[in-house]
Structure formats: C-alpha cells, structure tokens
1. Looking only at residues in the range 199-220 that are surrounded by fewer than 12 Cβ atoms within 10 Å (Cβ to Cβ) and of a type in the set (D, E, K, R), which one is nearest to Arg114 (Cα to Cα)?
2. In this structure, is Asn324 surrounded by 15 or more Cβ atoms within 10 Å (Cβ to Cβ), in the same structural domain as Lys300 (by TED's automatic domain parsing), under 24 Å from Lys8 (Cα atoms) and not hydrophobic (A, V, I, L, M, F, W, C)?
3. Check the range 290-311 and report whether any residue there is of a type outside the set (Val, Ile, Thr) and over 26 Å from Tyr368 (Cα atoms).
4. Within the range 188-197, track down each residue that is in contact with a Lys or Arg (Cβ under 8 Å, 6 or more places away or on another chain) and in a loop (DSSP other than H, G, I, E, B).
5. Which residue pairs have Cβ atoms closer than 8 Å, lie 6 or more positions apart in sequence or on different chains, and pair a first residue in the range 209-234 that is without any contact (Cβ under 8 Å) to a residue 12 or more places away in the chain with a second residue that is outside any helix (DSSP H, G or I)?
6. In the range 367-385, which residues are touching a Gly at 6+ places or on another chain (Cβ under 9 Å) and either part of a helix (DSSP H, G or I) or farther than 30 Å from Asp269 by Cβ (or both)?
7. Can you name every residue in the range 235-259 that is within 11 Å of Asp407 (Cα to Cα) and touching a Phe, Trp or Tyr at 6+ places or on another chain (Cβ under 8 Å)?
8. Please list, ordered by first then second residue, the pairs with beta carbon atoms under 6 Å, 6 or more apart or interchain, first in the range 270-284 and closer than 30 Å to Asp190 by Cβ, second part of a loop (DSSP other than H, G, I, E, B).
Amino acid sequence: MGPPGGGKSFITARYQRHFNVIAVASFDDNSMKTIFSSILKWYFRTGNFATDVANLETKVVAATLQIYKGIQEELKPTPLRVHYTFNLRDVSKVICGICMGTKKEIPNSDVLTRLWAHEITRVFGDRLISDGDRTWMMNAVKDAVRAPFGANFDSMFKHLDNDYNGKIETLDEYRALAFGDIYTPFGMADRPYEEILDAKRLTQCADEALDQYNNIADKPMDLVLFSFAVEHLLRIGRIIKSPGGHAMLVGVGGSGRQSLTRLASKIGDFDIFQIEIKKVYRMIEFREDIKALLRGCGAKGQSTSFIFTDNSIKEEAFLEDINNILNTGEVPNIFPPDEKAEVQDSVRPAAKSENRCAEGTPSQLFSYFVERCKKYLHIVLCFSPIGDSFRNRVKNFPSLVNCTTIDWFSEWPKDALQSVAVRFLSDI
C-alpha cells in the first residue's frame, strides 16, 4: 500500500474502500521498562549471573530508553540522513546484544556497563554519518553511565585512554571499545562474545582468520586489515551472529563491504550466497535464486549470509522481495503449490526432532519453514550513499532500515591510509 514505484503498483480508490486505517499508540515508559526488564531478569536468573550484574537490569533498560528518546529528539532524519529513523526494534537489538554474553564473559557490573555502551554504539551510533553526530552519541553514553548507572565514565573506560590524560574525550579513543568472538579460533562452533582489550592480539587474530580464509577459498582476498577494517569486521560479525540479524553496509565502492562480509561469514562458519548477474536477469531468474536461498536456510538449516549489492538491482521490484524477507522472513506466494508441498515435506524430519508441529499439518510445517528462514538467513545489503537512489529506496522500502542494523562506512582515517601506503610501497 506504499506509493507507486518499484514493486508497488497504483491501487484504486474502489479497492481501498474495503480497508481500514489502524493506528497503534506507542508504548509508555512503564510498559517498555516492564517488557525489557523482564527479558533481562529472566536471562540473568537462568544464566546464574553474579548478583551485582543481575542488579543492573533496571539501570540497563532505563539507560537504553534514555538514549533512544534522546536520539529521536536530537538527530532527526533529513534528506541527507534519511536513515536516521529509530524504533523499538533498535532497543530490542541492544537487549539481545547484551544477552549474547554469558556469566563467564560478564563477570562483574563494570563489564556489563561497557558491554551496554558497546551495544548502544553499535545499534544507534554506527549509522551516524558525521563526527559531530558521533560526538553527540559519545557524550550521550557518558551521561547515561553517570546516571542512571551511577559510575565514573573515565575510570570505567580507562583502558581506552591513549594519551594518558585520565579522560576519554576523543572519538579515536572511544572507537576502540570492542566486543566480539574473533579471539576464538577459525571455524569453532562455540564462539564466546567477549571484551577485546588487546589491540595487537585483535589484529593478529584477524590476520590469522584471513590467512585461513585464503587457504580454503576459491578466490583468495588480498586485504590489508588495518584498524578501520577490523572494526567493521567485528561489527558485521556481531550482526550476523544474532539470530535473524540483517545488516546494511553503506559506503562507496572499494570500501571493503563485500570482502569483510565474506571474511566475517567464514569466521562464523556461514555459507555465502550471492546472485550472479547475467546478460538476461529478470524477476523470473531472481525469484529462482531466492527460492534456492530459502530452501537452503529453511529446509537444510544452513546459516547463510546473502550479500546483495545495489549493482544487483536490475529491477526495482527486486527490493520488494528483499523488503518482504527482511520483515516477515518469506516472499508471499513465491512457491507454487507443488513446490510448497515439497518444502513442507523437507522440514518434517527437523520438526519431528525438535518436537514441533505435533499435528504435522501443511500450514504448521510451512510456518516452521519460515521460522527457520528467519533464524538462519542473514541478509547483508551493500549500498552506496551517492545519488538519490539510496534515499528513494529507503523511502519506498522502510524495512531496509527498520529491520537491519546499519554500518556507515565513512572516509578512511589516517591509520588506514598509512597502512595502504606502506603495503603499496612494499609491493613495488
């Protein structure tokens, strides 16, 4: 029912008269605090966390809502930053990010506070496009650490102090705050989500992962993993690590979006799926590729990263299907009756092993198939912010922003340019 264009066609008033407009009031503060506090309370109780960690549940929720409300008021969307839209999905992503850690990785309240600051920055801060907005985000986190957490920000994050002046006051210092699973060897199933304090070890682990990727890949990647690239590698890995996590990487061509996604996917032992654009590639061919992708995730249970670039959009209608998958996990009526019956039968053994779909009706089996697609499929959109296409697509297909975690690939910092220069000079 959106404006005509892309995959949406004009809808007549005669047809619209059969529908009603429904408005849902937003939750009040007490409702949101009750919902998210209950989730954290259950997670801390079942995970046997330390008492001082479990006691921070209300402060975590209050601080998250404080950031959520503040960023809605201060950083409103404009034509240049049309993706500055925030909703309760973002609050949920912060809570789910905290729930990726166990009592071993979160031994005390200080680590939990730093983990909260990291998740807030990843969800809300990574989409910001200017240093001024990022500075606002850092100051907002500082205020939240002081209240409601009631802690001293500079002492809590003293390991980030590069100039040893006792204060964390620059973006270069704050960007070193990192959590991830890259310390775990390549291909391991159990990958704890832990705090990264050693920058040298981080770079070493990233280089080792790249070497192992090149040993097994058909097309090795000649990358320079400077700190800028490693930061985005950790961000992409964090997004696809969560069930149903989707990413939108916004940057110009050559910024490393696809290469880092491939490396992050292999580190997490994910399959990589990318459509191959041919001379004749229309909606029919695109739908066949999407069906193969959904079968691999839903029927076979393969964790898969689907890399979709703006160069792959031969028809704007492609984004209609991507929008539906992001929002609901399926494309309506993509499977004809005979293929749908085949899909339902393919998930029957998995449903039986998990004691799901007790009656085994076709509708139950297909719902289970869609549920597995949501769990195992991770869409990574690689878009360019140049021109009007990005703004128009975000406007016409809101799930591109609402159902993804955005990582804005800004200009390369000085250390990145120095690393590339050194690599270039060494090659010649």
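1. Lys200
2. Working: surrounded by 15 or more Cβ atoms within 10 Å (Cβ to Cβ): yes; in the same structural domain as Lys300 (by TED's automatic domain parsing): yes; under 24 Å from Lys8 (Cα atoms): yes; not hydrophobic (A, V, I, L, M, F, W, C): yes.
So Asn324 fits the description; yes.
3. Filtering the range 290-311 for residues of a type outside the set (Val, Ile, Thr) gives 291-303, 305-306, 308, 310-311.
Among the residues that remain, those that are also over 26 Å from Tyr368 (Cα atoms) are: 310-311.
Yes, there is a match, as at least one residue in the range 290-311 is of a type outside the set (Val, Ile, Thr) and over 26 Å from Tyr368 (Cα atoms).
4. Within the range 188-197, Arg191, Pro192, Tyr193 qualify.
5. Asn214/Pro220; Asn214/Met221
6. Result: Tyr368, Phe369, Val370, Glu371, Arg372, Cys373, Lys374, Lys375, Tyr376, Pro385.
7. Met248, Leu249, Val250, Gly251, Arg257 - these are the residues of the range 235-259 that are within 11 Å of Asp407 (Cα to Cα) and touching a Phe, Trp or Tyr at 6+ places or on another chain (Cβ under 8 Å).
8. Matching pairs, first to second residue: Phe270/Ser303; Asp271/Gln302.
The values are calculated or read from the model by the stated rules, or taken from the named source; none is laboratory data. The shown structure was predicted, so the numbers you read here are calculated from the model rather than taken from an experiment. All Cβ positions, even for glycine, are placed from backbone atoms using ideal geometry, and neighbour counts span all protein chains on display.
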